[in-house]
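Colleague: Here it is, the structure, as structure tokens.
The values are calculated or read from the model by the stated rules, or taken from the named source; none is laboratory data. From a predicted model like this one, the values you see are computed outputs, not experimental measurements. Counting neighbours? That spans all protein chains shown, and the Cβs are built from the backbone with ideal geometry, glycine included.
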Amino acid sequence: MKIIMLGAPGAGKGTQAAQIAEKFGIPHISTGDIFRANLKQGTPLGLKAKEYMDKGLLVPDDLTCDLVVDRIAQPDAANGYVLDGFPRTIPQAEALTKALDARGEKIDFAIDVEVPDENIVNRMGGRRACSKCGATYHIVFNPTKVEGVCDACGGELILRDDDKPETVQKRLGVYHDQTQPLIDYYMAAGVLREVDGTQEIGKVFEDITAILS
Ligand code: AP5
Ligand code: MG
């Protein structure tokens, strides 16, 4: 099953994608996580991506598309994957469609997690991310068992650099301009499904599971 997660920054794409990946035994491929892992290792890609991420801007398509096209060709993605944070622009969606067409494949579902902007800003301040494995939590809505320590790997929890309120506002603007048009793109392709992302995390996952099953 090949799934795309759509939705604003903070809508819960990563939270839901991790659960989908686990339930269906497919890889969770997050471009944001790939850029952050590269930055942690100090690779040229990571350092370049940081210039854009810290400003709340999108990393250029030429740095992003090949990376994902290569990643989905890996053996662990043979039975499908859940893409989180890609595509994010029409050219990225077209590059993905082209790569899939060349292999006679297509996306099965594009799931749009809908959350209004006013809810997003409140959520981001409480988000904590694991510095080691990237798992995402929330101090109120999805707390760890031990404060400040990742449930999955024991890593230290940190605030993401781009979660400052002014950067979140910028990311929301970029989302509306460049990413929201993908909703029409995947609707036209007949694979768009919408879920109410303002519900609690478990309920959102139930709705997604019902769509996928
Ligand atoms: P990326 O890492 O993809 O960030 P994003 O899209 O801005 O989305 P987030 O990860 O912030 O939010 P999310 O929807 O995953 O929400 P989460 O589950 O964490 O990208 C970062 C940057 O990298 C971009 O700005 C860009 O610069 C660059 N980039 C990445 N991909 C790119 C691409 N394809 N092209 C170009 N540039 C790219 O949830 C948020 C919080 O809310 C958490 O604390 C969570 O616990 C909580 N929460 C989740 N669900 C609920 C719920 N139902 N109720 C209450 N709280 C909830
Ligand atoms: Mg995310």
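Colleague: Within the range 114-137, take every residue that is out of contact with any Asp or Glu (no Cβ under 9 Å at 6 or more places or on another chain) and assigned to a helix (DSSP H, G or I) and give me the one that is surrounded by the most Cβ atoms within 10 Å (Cβ to Cβ).
Modeller: Ile120
Colleague: OK, next. Looking at (1) under 30 Å from Gly202 (Cα atoms); (2) touching a residue at least 60 places away in the same chain (Cβ under 8 Å), which is the only condition Thr31 fails?
Modeller: With (1) under 30 Å from Gly202 (Cα atoms); (2) touching a residue at least 60 places away in the same chain (Cβ under 8 Å) applied to Thr31, the lone miss is (2).
Colleague: Name the residues in the range 51-73 that are more than 19 Å from Ala93 (Cβ to Cβ) and touching a residue at least 24 places away in the same chain (Cβ under 8 Å), would you?
Modeller: Met53, Asp54, Lys55, Gly56
Colleague: Look at the range 54-92 and say how many of its residues are among the β-branched types (Val, Ile, Thr), more than 16 Å from ligand 2 (Cβ to nearest atom) and more than 19 Å from Thr43 (Cβ to Cβ).
Modeller: Number satisfying all stated conditions: 3.
Colleague: Please determine, by comparing only the residues of the range 96-150 that are of a type in the set (Gly, Ala, Ser) and farther than 22 Å from Tyr81 by Cβ, which one is farthest from ligand 2 (Cβ to nearest atom).
Modeller: Gly148
Colleague: Tell me the residue from Leu182, Leu172, Leu157 that is modelled with pLDDT of 95 or more, surrounded by 17 or more Cβ atoms within 10 Å (Cβ to Cβ) and over 17 Å from the mean Cα position of the chain (by Cα), please.
Modeller: Only one candidate passes the filter, namely Leu157.
Colleague: Sticking with this structure for a sec: I'd like the residue in the range 19-33 that is over 18 Å from Ser213 (Cβ atoms) and more than 7 Å from ligand 1 (Cβ to nearest atom) and, out of all such residues, is surrounded by the fewest Cβ atoms within 10 Å (Cβ to Cβ).
Modeller: If we take residues in the range 19-33 being over 18 Å from Ser213 (Cβ atoms) and more than 7 Å from ligand 1 (Cβ to nearest atom), then Pro27 is surrounded by the fewest Cβ atoms within 10 Å (Cβ to Cβ).
Colleague: I would also like to ask the following. Please indicate, with yes or no, whether at least one residue in the range 82-101 is under 17 Å from Val191 (Cα atoms), among the charged types (D, E, K, R) and touching a residue at least 60 places away in the same chain (Cβ under 8 Å).
Modeller: Within the range 82-101, one or more residues are under 17 Å from Val191 (Cα atoms), among the charged types (D, E, K, R) and touching a residue at least 60 places away in the same chain (Cβ under 8 Å).
Colleague: Working only within the range 27-58, note down all residues that are within 18 Å of Gln74 (Cβ to Cβ), more than 15 Å from the chain's Cα centre (by Cα) and among the aliphatic types (A, V, I, L, M).
Modeller: Once the filter is applied, which keeps residues that are within 18 Å of Gln74 (Cβ to Cβ), more than 15 Å from the chain's Cα centre (by Cα) and among the aliphatic types (A, V, I, L, M), the range 27-58 yields only Leu45.
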